[in-house]
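Asks: Provided herewith is a single structure, encoded as structure tokens, for subsequent inquiry.
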Amino acid sequence: MQNPVTVEVTRGNLVESRHRGLGVVVDASGKTVFSFGDAEAGVFPRSSCKAMQALPLMESGAADAYGFGNKELAFSCASHSGEDVHVAMASSMLAKAGQDVSALECGAHWSSEQSALIHQAHTITAPTALHNNCSGKHSGFVCACVHSGTQLKGYVGYEHPLQQEIRGIMESLTGAVLAEDNCGTDGCSIPTYAVPLKGLAHGFAKMLTGQGLEPVRAKASRRLIEACMAEPFYVAGTNRACTKLMQVAPGKIFAKTGAEGVFVAALPEQGLAMAVKCEDGTTRAAEAMIFALIARYFEKGSETQETLMGMANRTMKNWNGLRVGDIRVTDAMFA
């Protein structure tokens, strides 16, 4: 099955680039409400599934034991920009568990946010694992291990008890069988598993509504999603798509991006969740797709719907501020 062209990029009056994509919207029962492309195709969720990976922090009792509130819970689901407040939050979470940066096994990289990067270049000689965009998730991993008495060293490994627990959680939520044959290594060194796109969306629909989940998991899932919506800056950062999306309609949109053109979202009032994948892995196309897909489920002509469509279809300008073209979604998103 060939996936449709979902996003076009123009220059002048001509289409310069085209992106193909796949996407699906489901309810808590797993019923497909809308789809385009091959929604059953296996995709690596990458960072889009961090809320699922944060469930051990909740279910172990670690989050409550360490007194974590919405900011910490949102940060445990984050792909943050490495800004000062993010670095401080990672350090604070680790300290609650009696740990420091040396416990993190995610690796180090500079901030992805330009002003933060410039600041870092002037104030530090090299980034640490605290600056890694996954340090929030990994701080949550460390806290879960310490609280439960699980061996900490090697927590990123496929056979580590924490990763085995996460594997079981993701199987339960997505309905996919996860093993070494559909496993890869994520950028932060933990296992990542290819799952059907529809299964990924269904997992978030279950987390959103609690349908089909045991009470403990339903409560933990809801707390994580509500924390992200309450503190979107700690999920991403300055001028990031996830942050902006959740600020468009506070408490009405949960959104999380992943590398290689993946994006998920959940809408509490509608009881729906969705997932998209840009076939060629381009972020700009994945963002346009998720913006437009979310807009379908808000009242036509409303401020929220028009804001979302304005984010999906946007003008590109050059360094002199001149309009050079547009990024726009195609009719495949609305068929």
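Asks: Given the options Thr209, Thr307, Thr174, state which has the largest fluctuation in a GNM of the chain using a 10 Å cut-off (strictly under) for Cα springs.
Replies: Thr307
Asks: For the chain, report the accessible area per residue in Å² (1.4 Å probe, heavy atoms, rounded to an integer).
Replies: Values: 13720 Å² over 335 residues.
Ligands and nucleic acids excluded, the figure is 41 Å² per residue.
Asks: Treating only the Cβ of Lys, Arg, Asp and Glu as charged (+1, +1, -1, -1), what charge dipole size does the chain show about its Cα centre? Round to the nearest 20 debye. Can you show the working numbers first?
Replies: On the way: 29 positive and 32 negative charges, 108 e Å.
Using Cβ point charges on Lys, Arg, Asp and Glu, the chain gives about 520 debye.
Asks: If you don't mind, another one. With every protein chain in place, what's the accessible area of Asp331 (1.4 Å probe, Å², nearest 10)?
Replies: Surface open to solvent at Asp331 totals about 130 Å².
Asks: Scanning the chain for helices, which whole DSSP H stretches are 15 Å or more long along the axis (Cα) and average -1.0 or more by Kyte-Doolittle? Display every interim value, and only then the final one.
Replies: Values: long enough: 84-96 (18 Å, 0.71); 135-148 (19 Å, 0.32); 161-174 (20 Å, -0.25); 197-209 (18 Å, 0.55); 215-230 (22 Å, 0.05); 283-295 (18 Å, 1.37).
Passing helices, by number: 84-96, 135-148, 161-174, 197-209, 215-230, 283-295.
Asks: Pop out the ³J(HN,Hα) list for the range 266-278 in order, Karplus 6.51 cos²θ - 1.76 cosθ + 1.60 with θ = phi - 60°, rounded to Hz; leave Gly and Pro as x.
Replies: Values, residue by residue: 9, 10, x, 5, 8, x, 10, 9, 8, 8, 10, 9, 7 Hz.
Asks: Further, regarding this structure: With point charges of +1 on the Cβ of Lys and Arg and -1 on the Cβ of Asp and Glu, referenced to the Cα centre of the chain, which listed residue (Thr283, Ser91, Ala65) lies farthest in the positive direction of the dipole?
Replies: Checked the options; the winner is Thr283.
Asks: In addition: Can you pull the one-decimal nm distance between simple spin-label points at Val85 and Thr150, each 7 Å off the Cα toward Cβ?
Replies: That separation, rounded to one decimal, is 3.0 nm.
Asks: Here is a follow-up. Grab the Cα-Cα distance for Gln211 and Thr185, subtract it from 0.36 nm times how many residues apart they are, and report the gain in nm with one decimal. Don't skip to the end; give the middle numbers.
Replies: Working: separation 26, 0.36 × 26 = 9.36 nm, distance 3.05 nm.
That works out to 6.3 nm of additional length.
Asks: Also, I was wondering about something else. Per residue of the range 252-264, what does 6.51 cos²θ - 1.76 cosθ + 1.60 with θ = phi - 60° give for ³J(HN,Hα)? Whole Hz please, x for Gly and Pro, Karplus curve as stated.
Replies: For the range 252-264, the Karplus curve yields 10, 9, 10, 8, 8, 8, x, 4, 6, x, 9, 8, 10 Hz.
Asks: Which value at 222 nm does the chain reach when only helices count, each DSSP H run of 4 or more adding -39,500 (n - 2.57), with the total divided by all residues and rounded to the nearest 500 deg cm²/dmol?
Replies: Values: 13 runs with 130 residues, N = 335.
So the calculated ellipticity at 222 nm is -11500 deg cm²/dmol.
Asks: Quick one: grab the alpha carbon gyration tensor of the range 9-125, order the square roots of its eigenvalues as a ≥ b ≥ c, and give me rounded if a/c is under 1.5, else prolate or oblate depending on whether a/b is larger than b/c. Let's see the in-between values first.
Replies: Details: a/c = 3.02, a/b = 1.32, b/c = 2.29.
Oblate.
Asks: Here's another thing I want to ask about it. Could you derive backbone 3J(HN,Hα) for the range 316-329 from the dihedral phi with the Karplus parameters 6.51, -1.76 and 1.60 (θ = phi - 60°), listing whole Hz in sequence and x where the residue is Gly or Pro?
Replies: Karplus values, whole Hz, x for Gly and Pro: 9, 10, 8, 5, 8, x, 8, 5, 10, x, 9, 9, 9, 7.
Asks: Return the single residue from Leu272, Leu22, Leu178 with maximal mean-square fluctuation; model: Gaussian network over the chain, springs between Cα atoms under 10 Å.
Replies: In this elastic network of the chain, the residue with the biggest mean-square fluctuation among Leu272, Leu22, Leu178 is Leu178.
Asks: Based on the Cα coordinates of the chain, what is the per residue volume of their convex hull in Å³? Walk me through the numbers on the way to the answer.
Replies: Working: hull volume 44.0 nm³, N = 335.
Dividing the Cα hull volume of the chain by its residue count gives 131 Å³.
Asks: Could you pull out the GluC sites (Glu not before Pro) across the range 150-183 that fall in loop regions by DSSP (anything but H, G, I, E, B) with no more than 12 other Cβ atoms inside 10 Å? Before the final figure, lay out the partial values.
Replies: Numbers: sites: Glu159, Glu165, Glu171, Glu180; in loops: Glu159.
Listed in order of number, the matching sites are Glu159.
Asks: If you roll a 1.4 angstrom probe over the protein chains with everything in place, what fraction of the accessible area of the chain belongs to carbon and sulfur, to the nearest %?
Replies: Carbon and sulfur: 49 percent of the exposed surface of the chain.
The values are calculated or read from the model by the stated rules, or taken from the named source; none is laboratory data. The structure displayed is predicted, hence computed values, not measured ones. Here the Cβ is made from the backbone with ideal geometry for all residues, glycine too, and neighbour counts use every protein chain on show. For the accessible areas, the whole protein counts, side chains as well, though only heavy atoms, and no ligand, DNA or RNA atoms are used. Shrake-Rupley method; radii C 1.70, N 1.55, O 1.52, S 1.80 Å.
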